[in-house]
Amino acid sequence: MCGIVGYIGTREAYPIIIEGLKRLEYRGYDSAGIALYDGKDLKVSKTKGKVVDLEERSEKEITKHGNVGIGHTRWATHGVPNDVNSHPHISNSGELVIIHNGIIENYESLKKELISRGYTFKSDTDTEVLINLIEDVKRQENVKLGKAVQIALNQVIGAYAIAVFDKNKPEEVVIARLGSPLAIGVGKDDFFIASDASPFLEYTKDAIYLEDEEMAIIRLHKGIKIRKIKDDSLVDPYVQKLQINLEQIEKGGFDHFMLKEIHEQPKAITDTYRGRLLRQEAIIKMAGVEDNMKKFLNADRIIIVACGTSWHAGLVAEYIFEDLARVPVEVEYASEFRYRNPIITEKDVLIAISQSGETADTLAAIKLAKSKGAFVFGVCNVVGSSIARETHAGAYTHAGPEIGVASTKAFTTQITVLTLIALRLARAKGTISSTDFRHHLLELEMIPKKVEEALKSDAHIRKISEIYKEAPNMLYLGRGYNFPVALEGALKLKEISYIHAEGYPAAEMKHGPIALIDENMPIIVIATKKGHYEKVVSNIQEIKSRKGKIIGIVTEGDVQVKELADHVIEVPETLESLSPLLTTIPLQLLSYHIAVMLGKNVDQPRNLAKSVTVE
Ligand code: M6R
């Protein structure tokens, strides 16, 4: 949560920081701010609202000139989103300035201590406490900024990514991380600081990712010194060449990132299985699985941990692993997992799924499982993310950057990776015949084309959206492999349109939700040919008798549901285990169109952030 951008060099810092913040708005967008050193003094402008509001405000408030600066886009944790609580925060002397992503858990006791020493506070934030703690240490110990930051951080409990500078020594910016990501872009005569590489991609492809518990002192013309915060030892900076380019993080002619990402799914799924699914040779090649095959084969069970959409992908995986590889699977909300003293042994394999690779709850679950000796495998999209680094092995989804807060291509590519793993294990365990295995490979290879087909229903889905856009509630029903898709469809709708929606296993409807059904309730039922079709048709009959409005997601050429439902949306036929990759497409489009018609901010829904780095 929260986006951090900084610049130190010879260019104008303002446009770099503002454009960078716009790219990081997916991390939080309830307030924004910037601090610049204009050659003489520190200039700060900040406001509740988005980066465009900051642009408007800074136009009136500051000269937008200077070669050193830091900027922030916020997702509030301590203190409501308002101008005063926005970052940057300045120390009591007016000399030090900070931006911060994360939470300082012991800020109250630190604040009390500082107040007793005469410090005053304008905001309700933990960040203002931290900058004054740094100032206090700097004074008391008579040390330079870097040392003061280090000493202060050793007194802090919590998580952070910070950037700090001193207006009296503006040729130096100090940054540090613990639990929140931070990258340094290394330019020719300058350095960029950001929560991810997107703000500096057009300037440099050379990046250093700070590890947890590391800090860096970045000095103009002098370079970077990285140290361990705890023991002060020096770390050799590892500069990596970034593989992503600017087009991947732009809208490319689509109105929203979400729509672009929905349409990218055929390519994203192909990229996910490219080089892994070798149909001609009838093999699946995944280094992370191959190298750890023994761990997988000896596992008593697989535990999957994730949050949100990634958790739904985990639920689909539960069906696939149990069905194909005959291994018991438990799927856990990462946030609940570690708070119930789970039984984990060395014979467990834990698979952590995360698009961002930064989700705090998932990271915490990984650490717990590792401490108990389990083998931990990551399925992440963001290369080099904290989860990718924290796990013993893993497989990237290769979906490309996902910027819309509502996950779309992450979901389908996660399912693709997990299907590949399940098939590989099934082959190794002999729980799938060679004919079936080949059939699965062939069908999986055809999925991108079928997703393209499914996307062609867009105009039809838009019409359906027009009819139901004012509905206050919606129900989503599915069985078997399509039950998690029902959950995912409901999550998509509620997070971007703010319409209340619930997903249920279709048969569970009779045990309560059926009471909600009347002529005003739209119910989306996933009723594909190979997924307990007859049973779902009976459920549809039950809805029909109670006058509910039925939108059926059906297999191409379906007749029975068409007769009963108010509307149907067809998807191509595939194997039951692969059907979530297709049935989820119309649900994504339905949510998208309804949200657009209601005038909602599709890419940045209220209260949400793309990567949830607080617990
Ligand atoms: O980055 P992660 O996959 O770990 O994120 C997990 C959830 O926060 C995420 O899927 C969230 O539920 C999305 N907004 C869903 O669209």
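The values are calculated or read from the model by the stated rules, or taken from the named source; none is laboratory data. None of these values were measured; they are calculated from a predicted model. Glycine gets a Cβ as well: all are built from the backbone with ideal geometry, and neighbour counts include every protein chain shown. The protein model used for the area step is the full one, side chains on, heavy atoms only, and it has no ligands, DNA or RNA in it. Shrake-Rupley method; radii C 1.70, N 1.55, O 1.52, S 1.80 Å.
State the percentage of accessible surface on the chain attributable to carbon and sulfur atoms; use a 1.4 Å probe and exclude ligands, DNA and RNA.
C and S atoms contribute 49 percent here.
So what's Rg/Rh here for the chain, counting alpha carbon atoms and using the Kirkwood radius for Rh? Walk me through the intermediate numbers first.
Working: Rg = 25.5 Å, Rh = 25.5 Å.
In the chain, Rg relative to Rh is 1.00.
Could you give the distance between the Cα centres of the range 570-615 and the range 396-444, to the whole Å?
Cα centres, the range 570-615 to the range 396-444: 19 Å.
If we sort 513-521, 36-44 on the protection proxy, mean other Cβ atoms within 10 Å, highest first, what's the order?
Put in order of decreasing packing, that is 36-44, 513-521.
Using θ = phi - 60° and the Karplus curve 6.51 cos²θ - 1.76 cosθ + 1.60, what whole-Hz ³J(HN,Hα) does each residue of the range 606-613 get, with Gly and Pro shown as x?
Whole-Hz 3J(HN,Hα) from phi for the range 606-613: 4, 6, 9, 8, 5, 10, 9, 9.
In whole angstrom, how long is each semi-axis of the equivalent ellipsoid of the range 3-248, when you take the square root of 5 times every eigenvalue of its Cα gyration tensor and sort them from largest down?
On the way: eigenvalues 120, 92, 57 Å².
Semi-axes, largest first: 24, 21, 17 Å.
Ranked from highest to lowest mean number of other Cβ atoms within 10 Å per residue, what is the order of the peptides 302-314, 456-468?
Result, highest mean first: 302-314, 456-468.
How long are the semi-axes of the equivalent ellipsoid of the range 143-298, taking √(5λ) for every eigenvalue λ of the Cα gyration tensor, in whole Å from largest down? Mind showing how you got there, number by number?
Numbers: eigenvalues 279, 104, 42 Å².
Ellipsoid half-lengths, sorted descending, are 37, 23, 15 Å.
What is the Rg over Rh value, at two decimals, for the range 310-442, using alpha-carbon atoms and the Kirkwood definition of Rh?
That ratio equals 0.97.
Hey, any idea what the orientation-averaged projected area of the convex hull of the range 112-165's Cα atoms comes to, in nm²?
Mean projected area for the range 112-165: 3.9 nm², to one decimal.
Taking the 0 to 90 degree range and rounding to the nearest ten, how far is the long axis of helix 13-23 tilted relative to the main principal axis of the chain, both from C-alpha atoms?
Once rounded, one gets 20 degrees.
Report the charge-dipole magnitude of the range 1-148 in Debye, nearest 20, computed about the Cα centre from +1 at each Lys and Arg Cβ and -1 at each Asp and Glu Cβ.
The dipole magnitude comes to about 240 debye.
Return, for the Cα atoms of the range 456-602, the radius of gyration and Dmax in Å, separated by a comma.
Using the Cα atoms of the range 456-602, the pair Rg, Dmax is 13.6, 39 Å.
Would you mind working out the accessible area per residue for the chain, using a 1.4 Å probe, and quoting it in Å²? The partial results should precede the final answer.
Values: 23630 Å² over 615 residues.
Accessible area per residue: 38 Å².
Using only the alpha-carbon atoms, how far is helix 434-455 inclined from the longest principal axis of the chain? Give it as 0 to 90 degrees, nearest 10.
70
So which trypsin sites (Lys or Arg not before Pro) in the range 517-615 pass both tests, a DSSP loop state and at most 13 other Cβ atoms within 10 Å of the Cβ?
Answer by residue number: 547, 606.
Go through the range 134-202 and name the trypsin sites (Lys or Arg not before Pro) that are in a DSSP coil and have 13 or fewer other Cβ atoms within 10 Å of their Cβ. Provide the component values of the computation, followed by the final result.
On the way: sites: 138, 139, 144, 147, 167, 177, 188; in loops: 144, 167, 188.
Passing sites in the range 134-202 are 188.
State the antiparallel share, in %, of DSSP beta bridges confined to the chain, rounding to the nearest 5.
60
Through the Karplus equation 6.51 cos²θ - 1.76 cosθ + 1.60, θ set to phi - 60°, convert the phi angles of the range 122-139 into ³J(HN,Hα) values in whole Hz; use x for Gly and Pro.
In residue order, the calculated couplings are 9, 10, 9, 8, 6, 5, 5, 5, 5, 5, 6, 5, 4, 4, 4, 4, 4, 6 Hz.
Name the chymotrypsin sites (Phe, Trp or Tyr not before Pro) in the range 232-288 that are in a loop by DSSP and that have at most 10 other C-beta atoms within 10 Å, would you?
Listed in order of number, the matching sites are 238.
Across the range 534-609, how large is the tail of the calculated P(r) beyond 17 Å, expressed as a percent of all Cα pairs?
Working: 1633 of 2850 pairs.
Considering the range 534-609, 57 percent of its Cα-Cα pairs are separated by more than 17 Å.
Tell me what the chain gives for mean residue ellipticity at 222 nm when only DSSP H runs of n ≥ 4 count, each as -39,500 (n - 2.57), the sum divided by the residue total, rounded to 500 deg cm²/dmol.
-11000 deg cm²/dmol
Out of residues 5 or more away from residue 404 or on other chains, whose amide H comes under 5 Å of its own, with H placed 1.01 Å from N in the peptide plane?
258
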